[in-house]
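Colleague: Take this structure first; my questions come after.
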Amino acid sequence: MNDAQLLRYSRHILLDEIGIEGQQKLLDAHALVIGAGGLGSPAAMYLASAGVGHLTLVDNDDVDLTNLQRQIAHTTERVGQPKAESARLTLQQINPEIAITALVERVDDARLAELVAAADVVLDCTDNFATRHAVNRACVAAHTPLVSGAVIRFDGQISVFDPRSGAQPCYSCLFPQDQKFEDVACSTMGVFAPLVGVVGAMQAAEALKLLMGVGGSLAGRLMMLDGLYMEWTSIAVGRNDACPVCAAQSR
Ligand SMILES: [Zn+2]
């Protein structure tokens, strides 16, 4: 690290649990953020400001006026531009020293496998079950930790699925792929703006800790937030031994 970097990251370096060694791990790390919307905006902004050396952002959508109430990486003047590109501009302004790859594409299983294999941690900031399951399958196959967040209306949830430990559940252990979950979209249900900030920032916190190997993660726990009364509930989640995604993986 040069002098400017030592200053930029000094408040991290001051933390005994992080120090120069932990900060260097962040600088050497590659995080994949899937979705540059309500969750992806704050998550990616904190990963960028904290100095994750390489960020890949994936989103095939364009910035819409209805996004700006909560998707804080975007601006009014960038309405109509691809979200991944818009977010890249914001992140680069926060931290010009990191590498940011913006991918304006809808990713299929093969592409996800490729992207996940190249990342040290994956943040699922998407809003539909099909993509969530595809991301989970790719993370289990590549043994890459997954930080999953979701927010709708006044409700949020977050967990970590860490396939590096054979004892931990994957996303499909909790939400089986063959079970019919209604995709509840923000466009029809609404979403309370700051909740995506709360959950997105927590996703960044979990990802940073995983990258540095400090503290403990949310693996094996699902945290649920009732934002209307600001109450958190934490439940233990176990592995489904019959899970078609992770049960076949080595223990
Ligand atoms: Zn599973």
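Colleague: Going through the stretch 128-147 one residue at a time, which ones are at negative phi, open to solvent by 10 Å² or more (accessible area, probe 1.4 Å) and of a type outside the set (A, V, I, L, M, F, W, C)?
Modeller: Those that are at negative phi, open to solvent by 10 Å² or more (accessible area, probe 1.4 Å) and of a type outside the set (A, V, I, L, M, F, W, C): ASN128, THR131, ARG132, HIS133, ARG137.
Colleague: Only one of ALA110, ALA167 is within 16 Å of the ligand (Cβ to nearest atom) and surrounded by fewer than 14 Cβ atoms within 10 Å (Cβ to Cβ); which?
Modeller: ALA167
Colleague: To continue, here is another question. Output the number of the condition that ALA205 fails; it satisfies all remaining conditions of (1) among the hydrophobic types (A, V, I, L, M, F, W, C); (2) more than 12 Å from the ligand (Cβ to nearest atom); (3) in a helix (DSSP H, G or I); (4) surrounded by 20 or more Cβ atoms within 10 Å (Cβ to Cβ).
Modeller: Of (1) among the hydrophobic types (A, V, I, L, M, F, W, C); (2) more than 12 Å from the ligand (Cβ to nearest atom); (3) in a helix (DSSP H, G or I); (4) surrounded by 20 or more Cβ atoms within 10 Å (Cβ to Cβ), only one is false for ALA205: (4).
Colleague: Could you please find all residues in the stretch 141-151 being assigned to a strand (DSSP E or B) and closer than 15 Å to GLY213 by Cα?
Modeller: LEU146, VAL147
Colleague: Could you give every pair whose Cβ atoms fall below 8 Å, whose first residue belongs to the stretch 174-200 and is modelled with pLDDT under 95, and whose second residue is hydroxyl-bearing (Ser, Thr, Tyr), counting only separations of at least 6 or pairs across chains?
Modeller: LEU174/SER159; SER187/THR66
Colleague: Of the conditions (1) open to solvent by less than 10 Å² (accessible area, probe 1.4 Å); (2) of a type in the set (A, V, I, L, M); (3) within 15 Å of the ligand (Cβ to nearest atom); (4) assigned to a helix (DSSP H, G or I), VAL199 fails just one. Which one is it?
Modeller: Status for VAL199: all satisfied but (3).
Colleague: Hey, could you check the stretch 219-251 for residues that are within 16 Å of the ligand (Cβ to nearest atom) and of a type in the set (A, V, I, L, M) and say which is modelled with the lowest pLDDT?
Modeller: Out of the qualifying residues, it is ALA248.
Colleague: Restricting attention to the stretch 152-164, which residues are open to solvent by 50 Å² or more (accessible area, probe 1.4 Å), not acidic (Asp, Glu) and not in a loop (DSSP other than H, G, I, E, B)?
Modeller: ARG153, GLN157
Colleague: Is one or more of the residues making up the stretch 123-133 assigned to a helix (DSSP H, G or I), in contact with a helix residue (DSSP H, G or I) (Cβ under 9 Å, 6 or more places away or on another chain) and within 16 Å of the ligand (Cβ to nearest atom)?
Modeller: yes
Colleague: Cβ contacts < 7 Å: first residue more than 9 Å from ALA201 (Cα to Cα) and surrounded by 20 or more Cβ atoms within 10 Å (Cβ to Cβ), restricted to the stretch 39-61; second residue among the hydrophobic types (A, V, I, L, M, F, W, C) and at pLDDT below 95, any location; separation 6+ or different chain. Result?
Modeller: The qualifying pairs are VAL58/VAL107.
Colleague: Another question, then. Please work out which one of (1) more than 16 Å from the ligand (Cβ to nearest atom); (2) within 23 Å of LEU115 (Cβ to Cβ) is the condition PHE154 fails and give its number.
Modeller: With respect to (1) more than 16 Å from the ligand (Cβ to nearest atom); (2) within 23 Å of LEU115 (Cβ to Cβ), PHE154 is out only on (2).
Colleague: Let me ask something else. Determine which member of the set ALA242, ALA247, ALA167, ALA236 is more than 19 Å from the chain's Cα centre (by Cα), over 30 Å from ALA29 (Cα atoms) and of a type in the set (A, V, I, L, M).
Modeller: Just a single option satisfies the conditions, and that option is ALA242.
Colleague: Moving to a separate point now. Please tell me if ALA118 is within 28 Å of TYR171 (Cβ to Cβ), loosely packed, with under 15 Cβ neighbours inside 10 Å and aliphatic (A, V, I, L, M).
Modeller: In short, yes.
The values are calculated or read from the model by the stated rules, or taken from the named source; none is laboratory data. It should be emphasised that the depicted structure is a prediction, and the values quoted were computed from it without experimental measurement. Neighbour counts run over all protein chains shown; Cβ positions are idealised from the backbone, glycine included. Side chains are part of the model used for accessible areas, which takes the heavy atoms of the whole protein and leaves out ligands, DNA and RNA. Shrake-Rupley method; radii C 1.70, N 1.55, O 1.52, S 1.80 Å.
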